[in-house]
1. From the list Ala122, Ala81, Ala91, Ala115, exactly one residue is out of contact with any Pro (no Cβ under 8 Å at 6 or more places or on another chain) and within 16 Å of the ligand (Cβ to nearest atom). Which is it?
2. Can you pull out every residue in the stretch 1-10 that is surrounded by fewer than 16 Cβ atoms within 10 Å (Cβ to Cβ) and within 18 Å of Ser102 (Cβ to Cβ)?
3. Pull up the stretch 15-66, narrow it to residues that are surrounded by 14 or more Cβ atoms within 10 Å (Cβ to Cβ) and hydroxyl-bearing (Ser, Thr, Tyr), then point me to the one that is farthest from the ligand (Cβ to nearest atom).
4. Can you pull out the residues in the stretch 67-83 that are open to solvent by less than 80 Å² (accessible area, probe 1.4 Å) and either of a type in the set (Val, Ile, Thr) or at pLDDT below 80 (or both)?
5. List, please: which pairs have Cβ atoms under 6 Å, are six or more places apart or on different chains, and start with a residue in the stretch 98-124 that is in contact (Cβ under 8 Å) with a residue 60 or more places away in the chain and end with one that is open to solvent by 60 Å² or more (accessible area, probe 1.4 Å)?
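The values are calculated or read from the model by the stated rules, or taken from the named source; none is laboratory data. Being a predicted model, the structure only gives us computed values, none of them experimental. Here the Cβ is made from the backbone with ideal geometry for all residues, glycine too, and neighbour counts use every protein chain on show. With ligands, DNA and RNA removed, areas are computed over all heavy atoms of the protein, side chains included. Shrake-Rupley method; radii C 1.70, N 1.55, O 1.52, S 1.80 Å.
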Amino acid sequence: MNVCPHCHSNHCLPLWRKLCLGPAGSTRCRVCGLKIAIVAGKAWPVMLAGLAAILSMVVLAGFSEFIAAADLRRWLALFAAVLLACIALYAVRVPLRVDELSNADLVARGRAEVAARKRAGAGG
Ligand SMILES: [Zn+2]
């Protein structure tokens, strides 16, 4: 699901960048340089499910003795598991979409510009 909708590259952005990309944000593909965003309709359910899970765990911890000292480690492990599950869902189930119009020529030009910038950066 990390495939660039412009150039179809699999490595168009790092996972942390995708996770930081909210439904209203956009960024540039690191292969072709064209603007991409996430599909908000697929991102909201994952974000809301994660938020609901975290909130319910916090409420559960606040209203019961669930988070007593002996259970703290178990509670933290459950919290981490829920967080990791949401991150994995977001990474795998939320696809990327185009955020500017492109065609084969623009993709080819963008790829060449990014490659030239990388060469210039590597050369100093
Ligand atoms: Zn791309």
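1. Only one candidate passes the filter, namely Ala115.
2. Residues satisfying the conditions are Val3, His8, Asn10.
3. Ser26
4. Matches in the stretch 67-83: Ile67, Ala68, Asp71, Leu72, Trp75, Val82.
5. What qualifies is Asp99/Lys35; Glu100/Lys35.
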